[in-house]
1. Please enumerate the residues belonging to region 407-428 that are in contact with a strand residue (DSSP E or B) (Cβ under 7 Å, 6 or more places away or on another chain) and not charged (D, E, K, R).
2. Counting only residues that are part of a loop (DSSP other than H, G, I, E, B) and of a type in the set (S, T, N, Q), which one in region 285-341 is surrounded by the fewest Cβ atoms within 10 Å (Cβ to Cβ)?
3. Of all residues being over 22 Å from L54 (Cα atoms) and in a helix (DSSP H, G or I) in region 120-138, which is most open to solvent (accessible area, probe 1.4 Å)? Just the residue, please.
4. Exactly one of (1) in a loop (DSSP other than H, G, I, E, B); (2) over 17 Å from the mean Cα position of the chain (by Cα); (3) not aliphatic (A, V, I, L, M) is unmet by N238. Its number?
5. How many residues does region 131-171 hold that are free of Cβ contacts under 8 Å to residues at least 24 places away in the same chain and within 25 Å of the chain's Cα centre (by Cα)?
6. Which of the residues spanning region 492-542 are within 32 Å of the chain's Cα centre (by Cα) and of a type in the set (S, T, Y)?
7. If I ask for residues that are of a type in the set (A, V, I, L, M, F, W, C) and not in a helix (DSSP H, G or I), which ones from region 510-551 would you list?
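The values are calculated or read from the model by the stated rules, or taken from the named source; none is laboratory data. Just so it is clear, the model here is predicted, and its values are computed rather than measured. Every residue, glycine as well, gets a Cβ built from its backbone with ideal geometry; the counts of neighbours run over all protein chains shown. Accessible surface is based on the protein model in full, side chains and every heavy atom, while ligands, DNA and RNA are left aside. Shrake-Rupley method; radii C 1.70, N 1.55, O 1.52, S 1.80 Å.
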Amino acid sequence: MLKPLIHFDATQFTFFERMLDFTKTTFGNLTAPSFPTINRTPGSGRPLAESLDLLKIRLQDVLKNSPQVLEQLAQFISLPGPQQALSEFEGRSLAQGQAHEAFYHSLNFRYTTAFSLCSYILSTLDYYKKANALSDTNTYHHTMGYFSLLASILAYNACIIHQAHQQPEDVKILTASIRKWLFMLESEDLPHCQNEHFHALLQNFLIKFTKFRKLQLTQESGATLLVGELNSHVQRKNQRAAQFGAPFVGKIIFDSEALTTETLSSSALAKLVENILALQKEAPHRKQFLFYPGYHLGAVEVFDVAWDEASRQFNIINIHSSNNILQYQILKQLSEKLTQVAVQFEIIACQSKVQAFTEDPSCLYAYALSGIVSRLSVEQLKRSSFAILQPPFVDYDNTEGAFKPTLEKVRWVRVSALGPKALIMATPKTAADYQRLVMRLRELYPDKNIAELLRNYCRKYNLALDPKAPTVSYVQSLHKRMQHRRQENPSLSLEAVMAALETTDPGQALRRATLFADTDTFEFLIGAMRDMTLTDGLPAIDSQDSTEQKHFTPLHLALRADKDTRAVKLLVLGGARKDIPDATAQKQTARDVYEKASSNSLLKKNNVLGSLL
């Protein structure tokens, strides 16, 4: 049985007791400021030493429990899954259940009190630092680092207690506090905390907190994956891209030794630089990197990197899912590293803002955005209509955003440069968000019916984007489809798919799916209709529409819509014919449509399609 609570052994506890004594000696005379008093803390105007003394007593209660208490805890608290009602656990009597319920309420009170004290001490020290009242910055950062980790451990343990009692809102609040303290620890304090006990505790905490967040995010939205799970999907995408001629060549860059979750790990950055430089000698010379700046379940950055032999330059595209200061840190340090090794490079960056800074980062956004950016070129993104000045960045101290010194080798583009799919990933939360989405789509497609465009995307990805009704986000839909790829999809039957596509004609269903259905539905229909013959004796895979002067087959439609990989799938998976003429004046076959396509089209860039036609 997994025991997720974190407790200190005798050595670790003595270590933190000494840290409390050191802090009392160094900062104990500071007067608590007049910000709102946290519950069960001495309050403003009192010396910090009083809070430190109270915390020391409370830590004896919550982090140095007896073996009997730990055994009792282990019986009730385990991942995964919420707890049963305590009075019903393994047939215990009501009296026993009430006793254990009282035990848990007492435990929750003790953890919450300790966390509140620790947070109050941190806030006090932070207050005096911002007021320039502390001269010894090294001691300050050393102390803040230890208390940030202690506060995170206490909050995490409190989360476990709340989870056992199915109180998700309390868990969310505490998780947000943990992320804030980790951000402070990683941003400024970690280099000042060089101690083996500290690093062992930090690593143990990150392992347990990661497992807890995985469970938490799965229960809330079902839209998260660990590194290994994501990698399996990236490898599958690579194999299919090679089979059907898509330009995607993805790779995950992850440093298992990283000890950061909210900021950039130097060892992770070194791995990114190493992979970028390797493209000079590797084939292909362009790849999509899904880059973990830190530990599991942290942010995942998208880097599309191409080595241009003619100009002897790296062309780098970076897409960030939010507007977090982390993106600025990565680009700044990456630019410095590449400059140090004397290579030419240019970076085009974008804040996609498909998720809010306050949301837990989901790697699924990076997975989807990497596929989008693989089909874009630097020349497309450099169009003047997409160019913007360097945007502001947010962090826990600047939630409205703050401007940073301009990064000289970075050009910035608006999210519209990524196309409509990137725009609809940001699920509208309000009516104003929805109108903003419509406006951005109208800027991209001034001549199109935007309402119809949105309907088609919602139908294709099974989305619900109207904030007036329960929403289904793109990332939730994607995660559901990814789960179905690992097992038989119960929602895919010919009758159900045809009903969703609003037709009883199999041929029409395939034609509509070619343009409007998601990949899994489209491939399902190809498989279902490969050997199907319609009432007119023609194969369903080559069914032509009945519209006068059109008579397009699914292959015609895919080619005319510049859907290169869908055309390849119709040919490879469905055995579609290439020589059927349509009913236009030119009587075009699939080969004719391909030959007349623009040299800049996706059709002409797909080598597999070219070899088939």
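1. If the condition is that a residue be in contact with a strand residue (DSSP E or B) (Cβ under 7 Å, 6 or more places away or on another chain) and not charged (D, E, K, R), then V410, W412, V413, V415, A417, L418 are the ones that fit.
2. S311
3. K130
4. (1)
5. Final tally of qualifying residues: 3.
6. Passing the criteria: S493, T514, T519, T521.
7. A517, M532, L534, L538
Every residue, every condition in (1) within 15 Å of K353 (Cβ to Cβ); (2) among the basic types (K, R); (3) open to solvent by 20 Å² or more (accessible area, probe 1.4 Å), yes or no:
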position	(1), (2), (3)
K382	no, yes, yes
I388	yes, no, yes
G401	yes, no, yes
K404	no, yes, yes
K409	no, yes, yes
A417	yes, no, no
